[in-house]
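Shown next, in structure tokens, is the structure this report addresses.
The values are calculated or read from the model by the stated rules, or taken from the named source; none is laboratory data. Only a predicted model underlies this, so the values are computations on that prediction, with no experimental measurement involved. Glycine also receives a Cβ, built like all others from the backbone with ideal geometry; neighbour counts cover every protein chain displayed. What goes into the accessible areas is simple: the full protein's heavy atoms, side chains included, and nothing from ligands, DNA or RNA. Shrake-Rupley method; radii C 1.70, N 1.55, O 1.52, S 1.80 Å.
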Amino acid sequence: MHRFANPSQFMRAANAALPWLVLLFVPVTVAGLYFSLYASPADYQQSETVRIMYIHVPSAFLAQGVYLTMALGSASFLIWKHPLGDLIARASAPIGLVFCIICLATGSLWGKPTWGTYWVWDARLTSMLFLAFLFLGYIALANAFDDPARGHKPAAILAVVGIVNIPIIKFSVYFFNTLHQQSTLFDDLFSDDRARDALLAENQPEIAAVAAAQETALPPEMMLPLLLMIASFGLVFLILGILRLRIEWMTVRLRVLRAYSPEGRDI
Amino acid sequence: MFETFDAFLGMAGYGFFVWTSYAICFGSLSALCGISLMTARQRKRELDYLEQLRGQRREPSSDHGGPS
């Protein structure tokens, strides 16, 4: 693993992986869209709006995943002075911001027909909005200084400190009385559907038995497109991440070359 | 499954919400991709130019004979 800690080794590996990632991205996305938009059932209560879930949930997961990447990269930069960590963080930030915006916008469009409102200040929505501000803040801070190198540290500190928002997003739906639903993928320990389950068991024992046997909150016909779209978004992050990492890498190299060449400073 | 293409577009009356969501997703990711590709191309051009300048400055010294 330490071989890839060397920035140029890492860049070479990343550049080599890129065409394969694009090759994988195409069929995964085509299949994901096919199942999301066409070959999956409408929801009993939410009708066709449930198809928004296949974009909303992956973008939410990935927005948080990208933030974690950004925070880990920043932490390795702050603790071990590893330059690659900072480059990865800077490369990821705009991607995370876009995922966050997609999540908020699609959530809003899903909320209107299902909850009757485009927005509500509940815990999960508010903490996701805050995540968007954290991404914006990171980008602004990293670019705020005349000497670009000076922006690295404050931005990295912001990224690391902001990581507390991730568990808040994750657990907000359990701690607070929220409008947003609880678990999509797992019927886990924290899920507070016990009251509903008890009622179901009392009145419709056959359905309750099926629900109890289910490990997940979603039936397989809906789980498949969801997993495909999560994979698709993940590949988008990797592909755009490598592309943006190249940009950051070249930017650093440009700065070095300009510092040492008098002609270059005119560019 | 949808019976007609119009039904597919209509999404049981929720067409606006569903299609706008997919459009925002596709549009914003395409924009990010386009901007990133353009920026990468620009940086590559600048980098090639500066490295070529460095290469040109090095050449005169190789005329002095001996290892370059």
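Things worth noting here:
- Test item: A:90-101 mean partner chain Cβ contacts at 10 Å: 2
- Label-point separation, A:Gln45 to A:Val256 (7 Å along Cα→Cβ), nm: 5.7
- The mean number of Cβ atoms from other chains found within 10 Å of a Cβ in peptide B:10-19 is 6, as a whole number.
- Per-selection Kirkwood Rh - the stretch A:82-176 (Cα, Å, 1 d.p.): 14.6
- Net +/- balance of residues flanking A:Leu179 in space, Cβ distance below 12 Å, scoring K and R +1, D and E -1: 0
- Cα gyration tensor shape of the stretch A:1-132, rounded if a/c is under 1.5, else prolate or oblate by comparing a/b with b/c: oblate
- For the stretch A:36-71, residues shielded by at least 10 square angstrom of accessible area compared with the chain on its own, probe 1.4 Å: A:Leu37, A:Tyr38, A:Ala39, A:Ser47, A:Glu48, A:Thr49, A:Arg51, A:Ile52, A:Ile55
- Buried between A and B is an accessible area of approximately 3400 Å², summed over both sides with a 1.4 Å probe.
- Using θ = phi - 60° in the Karplus curve 6.51 cos²θ - 1.76 cosθ + 1.60, the 3J(HN,Hα) couplings for the stretch A:224-240 round to 4, x, 5, 5, 4, 5, 4, 4, 4, 4, x, 5, 4, 4, 5, 5, 5 Hz; x is entered for Gly and Pro.
- For the stretch A:94-107, putting each phi into the Karplus relation 6.51 cos²θ - 1.76 cosθ + 1.60 with θ = phi - 60° gives couplings of x, 5, x, 4, 5, 4, 5, 5, 4, 4, 5, 5, 5, x Hz, in residue order, rounded to whole numbers and with x for Gly and Pro.
- Under 5 Å between amide hydrogens, built in the peptide plane, is the criterion, and for A:His82 it picks out A:Phe77 among residues at least 5 positions away or on other chains.
- Positive minus negative residues near A:Leu228 (Lys, Arg vs Asp, Glu; Cβ under 14 Å): 0
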